[in-house]
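Before any comments, here is the structure.
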Amino acid sequence: MKKNALAVVGSNSSKKLAEFDPELKAIQRLSAKAEKALKGHHNRLHQALVATYKLGLELKEVDMLTLFIGQKTKSMSAKQKTNDFHELVSLAFPNARDDSKSKYRKVLKQAQEDEWTVEDLHNAFAGSETLDTLYTKALAVEKKSGDSRTEDAASAKFEQAKQVLDAQSLGSVTGLQLDAMKPHSVHGYANAVVRQTENGAEVVGFLPVGPQASFERALISLVPSITDRTERRLTKKKLYAFFVICDVFKRIQPDAENVVAQLKAMTSMQSTLELSGEESKDEVVQVLRDRQLGRAEAQKGSKVTGNNIEKAKQVLWLEKQDGNLPTLVENGTILPSMIALEAHIPWDAFKQRARVLRMAADDILNFASDFLRQLEWEDEHTSKLSHLTSSDGGAMKYAFPSVAPDRNGYRLLKTDATPEYGFALTKGTLMALSGWREDFKKSLPRNSKRRFPTLLNVVEDNGYLYLHFPDNPHEKQKLGKITSTPQIEMPLGSNWLVQTRQLESVISLGVDYGMKFEGKLLSMSGAPFGIELNCELPTGPCKMTLPLIVGLAGGFVENTDMFVAPAALPAPSLEDEQRSDIDPK
């Protein structure tokens, strides 16, 4: 055990520390009863954990946690540096088993990192949470400390292995009762029990395949050329930083369904309201409400379709900064309701020479997928373009042209928004939000027609921001703890709506990259505007701004400006410029 030097406690400190002794003794009595009790064990344990959490926060607040522990122990574990509750749990639960103490420490540490109050922890235990559920969540957050993905995801390997297995056979079996196989078949394969005979083998029955993922791994193992491949962490690959930018762009692409709905709503708002004069008051009110909520029909002849959305121009710009400062990355689109992206990529990780590069969405999405394969990539840069080539003989290439620095023709994020609320979105909160849709599905009764909403309200309650279903405020999840409010607060309510799929795409980024976010609710000209989320990607600082969709008398309002249609720029060839201008390898 590594020992840390303990501070000398003066007389004034001793008096202050003595005030906390009764709390610790009360916790010890409660934990002792919990260890011995069969009936009421969990309630007493939960009470002891809440009391320990309260004591730890109080000692931290007066900056006396280390002094207090130093009075009670001869030495302090090095783990105390990474978990404020490590030694306090040992003091509060002296008779608990080591594995139990480990659970308590992780749960209390996660509560602290999620900035829970003592009341929050108490309410969690009083509600549906148990020690085991909180421990499971704490472990899940702990595992997401960074990007742990590898080349060739299991799903990709399985598809490759299945192609091989589909083309091979050790012989056929006749007289097989196919109905016996169907309940245990996955992708057309099953676990068979085979009896060896003098002339070969006979199938005598089938066993359940078990978890599908495990069964797929078993099928992969039948193809040694695939299962024996060495998997590298994506973080170890060259151009990983460039891949991260492409991966973020890929995930935040506008959802076609929501974009089509909004375009139709905007089109309907531009049309005149046609009434025959024979409508009832209720019918007129319903028409106006449909227009306000974006449910009105688009104008006749409107060509707002999913196919048009797929063809829409969406791009990334990489703007080189002076010297070797990080390159600025921004996105643009001709669609409404985009997530605005502003990020950085270290110049050493992608040494572009052109002042501004433009990357088309198709190239970005394809490279993000190709990078996951077992390939290495080489990058070359001239003042006219940047060029990527794969290591498989050059079969895959990407070229990103140099363009003018203006952004004509694309929707860009408006400026001069006013922060209304600052909030912290922790890893634990991200994990809870990432499972919200699935938890909702599991809670529905059989044959229910309810669906997870496409829009969510943002509201404030008791120092936290929450998301809730528009049709049921009681179905809600915590978005984050409020860290700052403006002098003149703008009330939140039904007008603050965020698109669910957009929010989920950012949440998935936070979970996969092990990040947390610092957020801001933004307004403009007195109206809701957007949610700004700031984080640290592996490439550097990143800001994403989600548009808020607002049901007002003028229809849906979005947070991006529209300019004239852009002209397409052809990508020059790498050979157009002398090779002497290419970065040496």
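When you check Val315 against the structure, is it of a type outside the set (Gly, Ala, Ser), at pLDDT below 90 and in a helix (DSSP H, G or I), yes or no? Don't jump to the end; show me each part of the working.
On the way: of a type outside the set (Gly, Ala, Ser): yes; at pLDDT below 90: yes; in a helix (DSSP H, G or I): no.
No.
Restricting attention to the stretch 360-387 and to residues that are under 18 Å from Lys320 (Cα atoms) and in a loop (DSSP other than H, G, I, E, B), the residue that is least open to solvent (accessible area, probe 1.4 Å) turns out to be Thr382. Which of (1) more than 13 Å from Leu316 (Cβ to Cβ); (2) modelled with pLDDT of 90 or more is the odd one out, the single condition Ser369 does not satisfy? The one condition Ser369 does not meet is (2).
Go through the stretch 444-463 and give me each residue that's assigned to a strand (DSSP E or B) and farther than 15 Å from His474 by Cβ. Spell out how you get there, then give the answer.
Filtering the stretch 444-463 down to residues assigned to a strand (DSSP E or B) leaves 455-461.
Those that are assigned to a strand (DSSP E or B) and farther than 15 Å from His474 by Cβ: Leu455, Val458, Glu460.
Note on the stretch 386-439: among residues that are under 30 Å from Asp120 (Cα atoms) and of a type in the set (Asp, Glu), the one that is farthest from the chain's Cα centre (by Cα) is Glu420. Looking only at residues in the stretch 197-228 that are in a loop (DSSP other than H, G, I, E, B) and surrounded by fewer than 15 Cβ atoms within 10 Å (Cβ to Cβ), the one that is modelled with the highest pLDDT is Glu198. Cβ-Cβ distances below 9 Å connect the following pairs, each with a first residue in the stretch 443-469 that is open to solvent by 70 Å² or more (accessible area, probe 1.4 Å) and of a type outside the set (S, T, N, Q), a second residue that is at pLDDT below 85 and in a loop (DSSP other than H, G, I, E, B), and a separation of six or more residues or different chains: Glu460/Thr485; Glu460/Glu489; Glu460/Pro491; Glu460/Leu492.
Kindly evaluate Lys427 against the criterion of being in the same structural domain as Lys516 (by the TED database) and buried (at least 19 other Cβ atoms within 10 Å of the Cβ). The answer is yes for Lys427.
Give the residues of the stretch 496-512 that are within 8 Å of the chain's Cα centre (by Cα) and among the β-branched types (Val, Ile, Thr), sorted by residue number.
To start, the set of residues in the stretch 496-512 that are within 8 Å of the chain's Cα centre (by Cα) comprises 504-512.
Those that are within 8 Å of the chain's Cα centre (by Cα) and among the β-branched types (Val, Ile, Thr): Val506, Ile507, Val511.
The values are calculated or read from the model by the stated rules, or taken from the named source; none is laboratory data. Quick caveat: nothing in here was measured; it's all calculated off a predicted structure. No Cβ is skipped: glycine too gets one built from the backbone with ideal geometry, and neighbour counts run over all protein chains shown. These area figures cover heavy atoms from the full protein model, side chains too; ligands, DNA and RNA do not enter into them. Shrake-Rupley method; radii C 1.70, N 1.55, O 1.52, S 1.80 Å.
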